[in-house]
């Protein structure tokens, strides 16, 4: 039985060790992103409890990724080597950061299932939704959302898990992980055409449990909120998930340098309110994209405040 309260008990996941994943001068996915969010929370007077977290284990990673991929990433990090995707640089500290990023999401899922909190926002990096079974790409080493969904299903025995992805870029890795799996419903709102080139509406997956809602360049709050109201919420209500994961990119913001959408900071709070009763409120949100620091901080505050309501 979940405790009744006028305010949700919202926790966050954050560890400073994730700042040590050094992507190099000028890279958009940089440590200052997390610092901007934490600073914005402080400026807004928000002080949610911070969860203790454990790094992901090899067993956790291997539910989604091949052994070859996991070993390859570990070796590259250990030697400060080069990865074939130049957008996805790594240093020695990237390995521990990636394990904490994925493990932080798993720790949040466990906390929600056990009633320690109602929902959680994971302020983590590196992000995850582009990472495929066999390779890293698009700033992502391991697929945090997919790792969490597999853990919820295989370890905790849930039969219906939903992943809602509203990053401006389609989560190709997450879609591919569950395209033939009717127990996990992946829904994505994303700009199309855009990187990585996947996410067409006809890509429906096994049992129609894959839903892509492409957004044209220049779409704003009206189009995004309508997509949630008319498609996402009704579809997920029919699926009736036991748990909802949010791949939470803030790069559809009008100020973001890597997007082409026109969302405002407050739009992220509005979107969160529309979906927060799904899965009986069992929600874990994790940071994906968002590269304009002021917009990122403001949007994260709006998201967190909506989770807390």
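Report, ordered by the first and then the second residue, all pairs with beta carbons closer than 7 Å, sequence separation of six or more or different chains, a first member in segment 37-49 that is over 27 Å from residue 115 (Cβ atoms), and a second member that is at pLDDT 95 or above and surrounded by 15 or more Cβ atoms within 10 Å (Cβ to Cβ).
What qualifies is 39/297; 40/297; 40/298; 40/300; 40/301.
Would it be correct to say that residue 289 is closer than 13 Å to residue 168 by Cα, in contact with a strand residue (DSSP E or B) (Cβ under 8 Å, 6 or more places away or on another chain), touching a residue at least 60 places away in the same chain (Cβ under 8 Å) and in a loop (DSSP other than H, G, I, E, B)? Even if it seems obvious, please write down each step before you answer.
Working: closer than 13 Å to residue 168 by Cα: yes; in contact with a strand residue (DSSP E or B) (Cβ under 8 Å, 6 or more places away or on another chain): no; touching a residue at least 60 places away in the same chain (Cβ under 8 Å): yes; in a loop (DSSP other than H, G, I, E, B): yes.
Considered against the rule, which asks whether it is closer than 13 Å to residue 168 by Cα, in contact with a strand residue (DSSP E or B) (Cβ under 8 Å, 6 or more places away or on another chain), touching a residue at least 60 places away in the same chain (Cβ under 8 Å) and in a loop (DSSP other than H, G, I, E, B), residue 289 comes out as no.
Just checking: which of the strands (runs of 3 or more DSSP E) contained wholly in segment 153-266 hold 2 or more residues that are under 14 Å from the mean Cα position of the chain (by Cα)? Break it down stepwise before answering.
Working: elements: 161-165, 184-191, 210-215, 243-248.
Those strands (runs of 3 or more DSSP E) span 161-165, 184-191, 243-248.
Any residue that is surrounded by 20 or more Cβ atoms within 10 Å (Cβ to Cβ), farther than 19 Å from residue 138 by Cα and touching a residue at least 60 places away in the same chain (Cβ under 8 Å) - is there at least one of those in segment 244-258?
Scanning segment 244-258 turns up at least one residue that is surrounded by 20 or more Cβ atoms within 10 Å (Cβ to Cβ), farther than 19 Å from residue 138 by Cα and touching a residue at least 60 places away in the same chain (Cβ under 8 Å).
I need a count of the residues in segment 105-142 that are in contact (Cβ under 8 Å) with a residue 60 or more places away in the chain and either under 22 Å from residue 268 (Cβ atoms) or in a helix (DSSP H, G or I) (or both).
Total meeting the criteria: 22.
Results for (1) more than 20 Å from the chain's Cα centre (by Cα); (2) crowded, with 17+ Cβ neighbours inside 10 Å, shown as yes or no for each residue.
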site: 56; (1), (2): no, yes
site: 66; (1), (2): yes, no
site: 69; (1), (2): yes, yes
site: 73; (1), (2): yes, yes
site: 81; (1), (2): yes, no
site: 102; (1), (2): no, yes
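Among the helices (runs of 4 or more DSSP H) contained in segment 1-104, which hold 1 or more residues that are closer than 14 Å to residue 125 by Cα and touching a helix residue (DSSP H, G or I) at 6+ places or on another chain (Cβ under 7 Å)? Before the answer, list the steps.
Numbers: elements: 32-43, 58-62, 67-79.
Hits in segment 1-104: 32-43.
The values are calculated or read from the model by the stated rules, or taken from the named source; none is laboratory data. What you see is a predicted model, and the numbers here were worked out from it, not measured in a lab. Quick reminder, even Gly has a Cβ in these numbers, built from the backbone with ideal geometry, and neighbours come from all protein chains shown.
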